[in-house]
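Only one structure is covered here, and it is reproduced in the block below.
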Amino acid sequence: QVQLVESGGGLVQAGGSLRLSCAASGNIFSMNFMGWYRQAPGKQRELVAGITRRGTTSYTDSVKGRFTISRDNAKNTVDLQMNSLKPEDTAVYYCAAGPLTGNYWGQGTQVTVSS
């Protein structure tokens, strides 16, 4: 089992920044993938950014150049730095981990961007 705990969500004005953090515990040795998903009201959950154990990153097009994902394998943490936030970034953000994609999930943290 893997446990994921997110922190860092909140309310911010458009153009502002937030940093999300996720701490992992449990059987994380095989968790090559760690990442952040988000789900806005009435929409499907989407992958925002992912990172492998070796540091290979991927981003959905709408956040490229604005969001940065980072991972500390020694501390078992993954962070998402979000800059130039837009109202359309408003969603519940979930930390996820797994061998290839999100198999384990955190409880989510709300990010609200006001216009």
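The values are calculated or read from the model by the stated rules, or taken from the named source; none is laboratory data. Every value quoted in this text rests on a predicted model; they were computed, and no experiment measured them. Please note: Cβ atoms are built from the backbone with ideal geometry, for glycine as well, and neighbour counts cover all protein chains shown. Calculation scope for accessible area: heavy atoms of the full protein, side chains included, ligands and nucleic acids excluded. Shrake-Rupley method; radii C 1.70, N 1.55, O 1.52, S 1.80 Å.
Assorted remarks:
- Integer Hz, Karplus 6.51/-1.76/1.60 couplings in order for region 89-105, x for Gly and Pro: 7, 4, 4, 8, 9, 10, 7, 9, 8, x, x, 10, 8, x, 9, 10, 10
- Surface per residue (accessible, 1.4 Å probe) for the chain, Å²: 53
- Calculated P(r) of region 45-115 - Cα pairs past 14 Å, %: 63
- Accessible carbon and sulfur surface of the chain relative to its total accessible area, %, 1.4 Å: 49
- At an R0 of 30 angstrom, the distance between the Cβ atoms of SER84 and ARG45 translates into a FRET efficiency of 0.85.
- For region 83-115 and region 41-63, distance of Cα centres in Å: 9
- Excluding same-chain neighbours fewer than eight residues apart, the lysines reachable from LYS86 by a Cα-Cα span under 20 Å are LYS43, LYS64.
- Per residue, the convex hull volume that the Cα atoms of region 1-110 enclose (Å³): 91
- log₁₀ of I(q)/I(0) at q = 0.17, 0.31, 0.35, 0.36 Å⁻¹ - region 2-41, Debye sum with one point per alpha carbon: -0.61, -1.19, -1.26, -1.27
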